[in-house]
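The values are calculated or read from the model by the stated rules, or taken from the named source; none is laboratory data. Note that the structure is predicted; figures quoted are calculated from it, not measured. Counting neighbours? That spans all protein chains shown, and the Cβs are built from the backbone with ideal geometry, glycine included.
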Amino acid sequence: MTRPKIIGLTGSIGMGKSTVAAMFAEAGIPVFDADAEVRAMQGPGGELVPAIEAAFPGSTGPDGVDRDRLGHQVFADKAALARLEAIVHPAVAAKRAAFLEMHHDKPAVVFDIPLLFERGGHESVDTIVVVSAPEAVQRARVLARPGMTPQKFEHIFSLQLHDTHKRDRADHVIDTGASLDETRAQVAALIASL
């Protein structure tokens, strides 16, 4: 059975990856959003809620996983983070496999994976697209988010491979430091070339 070309879409926090993913979807290319899958599995009635509560007591409630409470338990504890990832990552992989099966007849699909390089996902895609913007633009975008602090931003930033390294490893780079129309034109050109 043939399978679609798998486009791995990644980019550090605040680079505009979600916007670019939406542009791929608007162009008719199915997009698997790893973060959205995690949110659904950790939300009210989500399939991962019982396992996360068992591993991290007090981290869930009627609305599913309480990200702040869970964050306090895993934020600075690498072993705890590894336990959480051991629960979440296999479930995401199963969802991704089901997505690929559902779209097996498409010419291409996008795997929107924020930590594509950091978690080794780059090995399972056919081409890598990195979404990038100047660091000042990135910082301004992230700090404008509700509840974001410079400390949270620095912590998230420290967990991600630096943008220059991602760009160096990319097959294609989409620059989102320009206007939305310019970004959309870059995405259209990339789709045409693929």
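Results, tabulated for the structure shown:
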{"item": "Single unsatisfied condition, Gly46 versus (1) under 30 Å from Asp181 (Cβ atoms); (2) buried (at least 18 other Cβ atoms within 10 Å of the Cβ); (3) not aromatic (Phe, Trp, Tyr)", "result": "(1)"}
{"item": "Residue list for the stretch 8-26, restricted to those being touching a Lys or Arg at 6+ places or on another chain (Cβ under 9 Å) and not β-branched (Val, Ile, Thr)", "result": "Leu9, Gly11, Ser12, Gly14, Met15, Gly16, Met23, Glu26"}
{"item": "The lone exception for Asp126 - which of (1) out of contact with any strand residue (DSSP E or B) (no Cβ under 7 Å at 6 or more places or on another chain); (2) surrounded by fewer than 16 Cβ atoms within 10 Å (Cβ to Cβ); (3) at pLDDT 90 or above; (4) not β-branched (Val, Ile, Thr) it fails", "result": "(1)"}
{"item": "Exclusive hit being farther than 30 Å from Gln186 by Cα and of a type in the set (A, V, I, L, M), set Ala34, Ala40, Ala25", "result": "Ala40"}
{"item": "Matching residues in the stretch 1-29 - criterion: being under 27 Å from Arg139 (Cβ atoms) and hydroxyl-bearing (Ser, Thr, Tyr)", "result": "Thr10, Ser12, Ser18, Thr19"}
{"item": "Verdict on Gly71 being over 17 Å from the mean Cα position of the chain (by Cα) and either within 22 Å of Glu118 (Cβ to Cβ) or surrounded by 14 or more Cβ atoms within 10 Å (Cβ to Cβ) (or both)", "result": "yes"}
{"item": "Per-region count, the stretch 153-185, residues out of contact with any Leu (no Cβ under 6 Å at 6 or more places or on another chain) and under 14 Å from Leu9 (Cα atoms)", "result": "10"}
{"item": "Count - residues of the stretch 25-34 that are under 18 Å from Ser179 (Cβ atoms) and crowded, with 22+ Cβ neighbours inside 10 Å", "result": "0"}
